[in-house]
Amino acid sequence: MNDPTQPTTVRVFIALAPPDQAKKELARTLRPAYDTHPHMRWNRIEDWHITLAFLGELPAGTVPLLGPPLADLAANHPPLCLALRGSGNFDDRVLWSGIDGDLDELHMLAADVRTAVKNCGVAFEDRPLRPHLTLARARRGDRSSAGEIAESFAGFTGHRWPAERLHLVGSNVGRSRGPIHYRDIEAWSFGGHKNLHGS
């Protein structure tokens with residue numbers, strides 16, 4: 001019998017996550033904006049991530065099929081050296097920080113991830129990779145806040161850090177009227193380390 005408490009679909013993406021130190025560094029820079037723009041819908045710092053492939057809503061039974069190929073891919077990929085740098089906004093509403101560092105390797109990793117997903121028979125919208133960290137969204141009708149905040153930390157350059165794990169992430173979008181929360185479904189270390197299960 002099906003368990004009615006378990007969702008039949010899961011909203012999924014594959015991502016990298018900056019380490020805590022890199023997130024704290026950017027959060028310190030953003031602190032004035034948290035006070036001056038409280039009406040922005042700020043993402044939780046623990047949820048900051050760099051999306052490599054957004055898969056959307058998948059049948060819950062499909063998600064485990066992604067594990068073995070992604071684990072193999074991570075095992076054969078060296079860690080990347082990245083940094084958070086600069087700022088900008090999409091459509092005057094979505095505030096982001098840019099990514100610096102091993103960008104060629106990042107694009108290759110994203111291409112390999114997307115190929116692995118397609119080889120599992122999972123269809124998704126294969127948008128061009130624009131490496132960034134989404135920080136907040138302005139409310140409808142607010143066309144100035146994201147640009148104002150982006151301008152305030154345009155010169156930000158964070159310290160470099162190794163991206164050491166590939167994350168398969170699920171979100172609660174569509175299941176709650178509250179803020180979006182993310183959780184690791186599974187995560188794999190690059191370079192052949194042991195598998196690390198998410199909570």
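Label-to-label distance for residue 90 and residue 34 is 2.4 nm, based on points extended 7 Å past Cα in the beta-carbon direction.
Loop only by DSSP, 13 or fewer other Cβ within 10 Å of the Cβ. Give me the chymotrypsin sites (Phe, Trp or Tyr not before Pro) in region 32-119 that pass, ordered by residue number. The qualifying sites: there are none. Region 4-52 and region 97-152 have their alpha-carbon centroids 13 Å apart. Amide hydrogen proximity for residue 186: with H placed 1.01 Å from N in the peptide plane, the residues at 5 or more positions away or on another chain lying under 5 Å are 168, 198.
With a ≥ b ≥ c taken as the square roots of the eigenvalues of the C-alpha gyration tensor of region 118-166, please select rounded if a/c is under 1.5 and otherwise prolate if a/b is larger than b/c or oblate if it is not? Write out the running numbers ahead of the final one.
Values: a/c = 3.47, a/b = 1.40, b/c = 2.48.
The shape class here is oblate.
Here the simple spin-label model places points 7 Å from the Cα toward Cβ, and for residue 65 and residue 21 these points are separated by 4.1 nm. In the chain, the longest principal axis of the Cα atoms and the axis of helix 103-119 are about 40 degrees apart. Given axes a ≥ b ≥ c from the Cα gyration tensor, I'd like to know whether region 15-141 is rounded (a/c under 1.5), prolate (a/b larger than b/c) or oblate. The shape class here is prolate. As a fraction of the 1.4 Å probe accessible area of region 1-109, surface on carbon and sulfur atoms comes out at 54 percent.
Could you give the length gained by full extension between residue 103 and residue 57, i.e. 0.36 nm per residue of separation minus their alpha carbon distance, to one decimal place? Each step should come with its number before you reach the end.
Values: separation 46, 0.36 × 46 = 16.56 nm, distance 2.79 nm.
Full extension of this stretch gives 13.8 nm more.
The phi torsions of region 86-101, fed into the Karplus equation with coefficients 6.51, -1.76 and 1.60 and a -60° offset, translate into couplings of x, 7, x, 8, 9, 6, 6, 10, 9, 8, 9, 10, x, 10, 10, x Hz, rounded to whole numbers, with Gly and Pro shown as x. Note that the chain presents 55 Å² accessible area per residue, ligands and nucleic acids not counted, probe 1.4 Å.
The values are calculated or read from the model by the stated rules, or taken from the named source; none is laboratory data. This one's a predicted model, so the numbers in the text were calculated from it and none came from an experiment. Backbone-built Cβ (ideal geometry, glycine too); neighbour counts: all protein chains shown. Only protein heavy atoms, including side chains, enter the accessible area calculation; ligands, DNA and RNA are left aside. Shrake-Rupley method; radii C 1.70, N 1.55, O 1.52, S 1.80 Å.
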